[in-house]
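Undergrad: Quick one: this structure, given as structure tokens, is what I'll be asking you about.
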Amino acid sequence: MKRLQLIALSLIAAGASTAAAFGQTRPIIQTKYTADPAPMVYNDTVFLYTTHDENDAQSYGFKMKDWLLYTSTDMVNWTDHGAVASLKDFKWYPGDNGAWAEQVVERNGKFYMYCPIHGHGIGVLVADSPYGPFKDPIGKPLVWQREHWDDIDPSVFIDDDGQAYMYWGNPNLYCVKLNDDMISYSGEIMKMPRIEDYQEGPWFYKRNNRYYLAFASTCCPEGIGYAMSLSPLGPWEYKGHIMNHTPRTRGNHPGIIDYKGKSYVFGLSYDVLRIDTPDHHERRNVEAAEMTYNADGTIKETPYWRDATLNQLEWLDPYRRVEGETMAWGYGLTTEKAADGNIYLTGIDNGETLTVAGVNFGKGAKKFTAYVATDKTGCAIEIHLDSADGPLVGTLDVAPGTNMSDYTLQSCKVKEAKGIHDLVFKFTGPADKKDLMNIDYWQFSK
Ligand code: FUB
């Protein structure tokens with residue numbers, strides 16, 4: 001049993017509601033190594049753009065080629081949309097590493113992704129949809145100060161008067177005023193006075209007429225610090241920690257949003273890597289926690305991710321189509337984007353589980369249907385409530401097709417699935433078999 005699953009199960013045993021128990025499992029993404037969260041609220045949904053540490057990234061030195069997208073409407077179950085942009089989108093960059101911390105902002109129905117390429121400045125991509133495709137409109141870096149390697153971690157904010165600003169930099173902090181087109185700037189690059197404890201990863205925003213600059217605080221280990229100002233260009237007054245430095249994570253990197261009446265800080269840890277090994281590798285995972293403000297606008301310090309609060313905002317409706325790649329916890333599983341852009345749940349090995357938190361079955365489900373593919377005999381999806389050892393309410397024996405892309409709709413009966421539960425799919429098949437099946441989507445019916 002995996003360590004974080006045990007923590008969730010012990011919370012259930014201690015009497016917490018099942019959904020709240022799984023709501024405490026972190027990091028929020030486990031199927032890929034992700035870092036540098038850049039959340040954006042659009043159309044009532046959280047669009048969480050992240051960087052992507054490759055599975056074979058080594059001890060020190062990042063291996064990063066593309067930028068990923070996840071979405072959620074409840075902050076606990078996240079849907080994987082795969083890579084939405086990559087270094088290949090910048091024709092002027094010949095390398096295959098350096099896709100560092102991006103941010104996406106919306107202006108007049110277009111979505112601008114600001115992408116640092118380590119050592120080669122900051123590029124910009126634009127799309128008509130938050131899902132992409134993103135294209136390079138200028139064919140060169142938006143900024144590149146060739147005399148140093150400070151140009152990383154852009155953060156863009158559009159003020160109420162329409163003026164957009166881009167902050168960035170490690171270890172120095174820079175700012176430019178972006179033009180209305182969001183792909184060029186006016187005036188000189190401003191090098192800002194040093195802010196106490198600043199390292200990198202600025203996150204610039206405004207709330208109740210106060211400007212905030214959150215940042216990864218001095219390495220290493222990094223925490224999350226912040227400064228406030230009454231003007232978008234400072235002076236910035238250091239206000240303290242949002243999360244204190246802790247050896248529990250070597251790095252950190254903030255992204256902050258208000259969503260459905262709550263405030264959230266995102267960051268990163270190495271806690272998925274630590275399930276596998278105590279050794280250090282640059283393989284990180286995105287985290288999130290609820291964050292609160294004091295009456296004077298200052299921010300209350302948040303404990304380390306695992307000790308912080310992240311509750312599910314609404315129950316998941318199982319009577320609509322749910323993508324296989326939607327989950328609260330799926331350690332060990334993988335996802336893949338097919339040529340048609342569709343994402344599939346893959347890498348399903350015997351005994352692995354997927355948890356969807358806080359599912360509202362209402363008066364009861366009668367049937368489970370999945371769009372599933374396998375070329376092996378003897379594979380099944382066991383449907384459990386609350387935990388992998390919780391009540392078994394149905395079993396879908398998956399009929400084999402000709403290959404792992406031969407998807408068919410397959411169904412089974414369901415009994416006693418009523419009310420609100422965490423839903424756990426346990427995948428079974430011939431012992432020691434890997435890649436048992438692939439899943440596109442699933443749905444219950446009444
Ligand atoms: O992910 C690569 C770099 O690590 C980011 O640009 C920094 O903020 C740090 O998280």
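Undergrad: Scan the stretch 283-328 residue by residue and report those that are of a type in the set (D, E, K, R), within 17 Å of the chain's Cα centre (by Cα) and at pLDDT 95 or above.
TA: Arg283, Arg284, Glu287, Glu290, Glu323, Glu325
Undergrad: Between a residue in the stretch 118-130 that is within 17 Å of Ala38 (Cα to Cα) and any residue that is of a type in the set (Asp, Glu) and not in a strand (DSSP E or B), which pairs come within a Cβ distance under 6 Å, given they are 6 or more apart or on different chains?
TA: Pairs found: Ile122/Asp151; Leu125/Asp89; Leu125/Asp136.
Undergrad: Here is a follow-up. Could you check the stretch 291-307 and list, in sequence order, the residues that are under 19 Å from Pro27 (Cβ atoms) and either touching a Leu at 6+ places or on another chain (Cβ under 6 Å) or without any contact (Cβ under 8 Å) to a residue 24 or more places away in the chain (or both)? Walk me through how you get there before you give the answer.
TA: Just the residues of the stretch 291-307 that are under 19 Å from Pro27 (Cβ atoms), to begin with: 291, 302-307.
Selection gives Asp307 alone.
Undergrad: Could you pull out the residue among Gly324, Gly332, Gly347 that is touching a residue at least 40 places away in the same chain (Cβ under 8 Å) and out of contact with any strand residue (DSSP E or B) (no Cβ under 6 Å at 6 or more places or on another chain)?
TA: Being touching a residue at least 40 places away in the same chain (Cβ under 8 Å) and out of contact with any strand residue (DSSP E or B) (no Cβ under 6 Å at 6 or more places or on another chain) holds for just one of Gly324, Gly332, Gly347, which is Gly332.
Undergrad: Could you check the stretch 99-195 for strands (runs of 3 or more DSSP E) lying wholly inside it with 3 or more residues that are over 20 Å from the mean Cα position of the chain (by Cα) and either within 17 Å of Tyr49 (Cβ to Cβ) or hydrophobic (A, V, I, L, M, F, W, C) (or both)? Working first, answer last.
TA: On the way: elements: 103-107, 110-116, 122-127, 155-158, 164-168, 174-178, 185-191.
In the stretch 99-195, the matching strands (runs of 3 or more DSSP E) lie at 122-127, 164-168, 174-178.
Undergrad: Is it the case, given these coordinates, that Val104 is of a type in the set (A, V, I, L, M, F, W, C), within 16 Å of the ligand (Cβ to nearest atom), touching a strand residue (DSSP E or B) at 6+ places or on another chain (Cβ under 6 Å) and more than 26 Å from Cys220 (Cβ to Cβ)? Steps first, answer last, please.
TA: Numbers: of a type in the set (A, V, I, L, M, F, W, C): yes; within 16 Å of the ligand (Cβ to nearest atom): yes; touching a strand residue (DSSP E or B) at 6+ places or on another chain (Cβ under 6 Å): yes; more than 26 Å from Cys220 (Cβ to Cβ): yes.
Criteria met by Val104.
Undergrad: I'd like to know if the stretch 73-85 contains one or more residues that are at pLDDT 95 or above and within 16 Å of the ligand (Cβ to nearest atom). Don't jump to the end; show me each part of the working.
TA: If we filter the stretch 73-85 for residues that are at pLDDT 95 or above, which is where we start, we get 73-85.
Next, only the ones that are within 16 Å of the ligand (Cβ to nearest atom) stay: 83, 85.
So far as the stretch 73-85 goes, yes, one or more of its residues are at pLDDT 95 or above and within 16 Å of the ligand (Cβ to nearest atom).
Undergrad: Continuing with the same structure: Considering only the stretch 271-292, how many residues are surrounded by fewer than 20 Cβ atoms within 10 Å (Cβ to Cβ) and under 30 Å from Tyr212 (Cα atoms)?
TA: So the count comes out to 2.
Undergrad: Does Glu287 count as within 25 Å of Val105 (Cβ to Cβ), within 16 Å of the ligand (Cβ to nearest atom) and charged (D, E, K, R)? Please lay out each step first, then the result.
TA: Numbers: within 25 Å of Val105 (Cβ to Cβ): yes; within 16 Å of the ligand (Cβ to nearest atom): yes; charged (D, E, K, R): yes.
Answer is yes for this residue.
Undergrad: Suppose we filter the stretch 97-114 for residues that are surrounded by 23 or more Cβ atoms within 10 Å (Cβ to Cβ) and either on the phi > 0 side of the Ramachandran plot or acidic (Asp, Glu) (or both); how many remain?
TA: Of the residues in that region, 1 qualify.
Undergrad: Hey, which of the strands (runs of 3 or more DSSP E) in the stretch 200-281, taking only ones fully inside, have at least 3 residues that are in contact (Cβ under 8 Å) with a residue 24 or more places away in the chain and within 16 Å of the ligand (Cβ to nearest atom)? Spell out how you get there, then give the answer.
TA: Values: elements: 210-217, 224-229, 237-243, 255-259, 262-269.
Strands (runs of 3 or more DSSP E) meeting the threshold: 210-217, 224-229, 262-269.
Undergrad: I need the full set of residues from the stretch 28-72 which are within 14 Å of the ligand (Cβ to nearest atom) and open to solvent by less than 10 Å² (accessible area, probe 1.4 Å), in order please.
TA: Thr34, Ala35, Pro37, Ala38, Tyr49, Thr50, Thr51, Asp53, Ala57, Met64, Trp67, Leu68
The values are calculated or read from the model by the stated rules, or taken from the named source; none is laboratory data. Here the structure is a predicted model, which is why all the values come from computation and not from measurement. FYI the Cβ positions are ideal-geometry reconstructions off the backbone, even for glycines, and counts take in every protein chain you see. Protein only, heavy atoms only, side chains kept; ligands, DNA and RNA dropped before computing areas. Shrake-Rupley method; radii C 1.70, N 1.55, O 1.52, S 1.80 Å.
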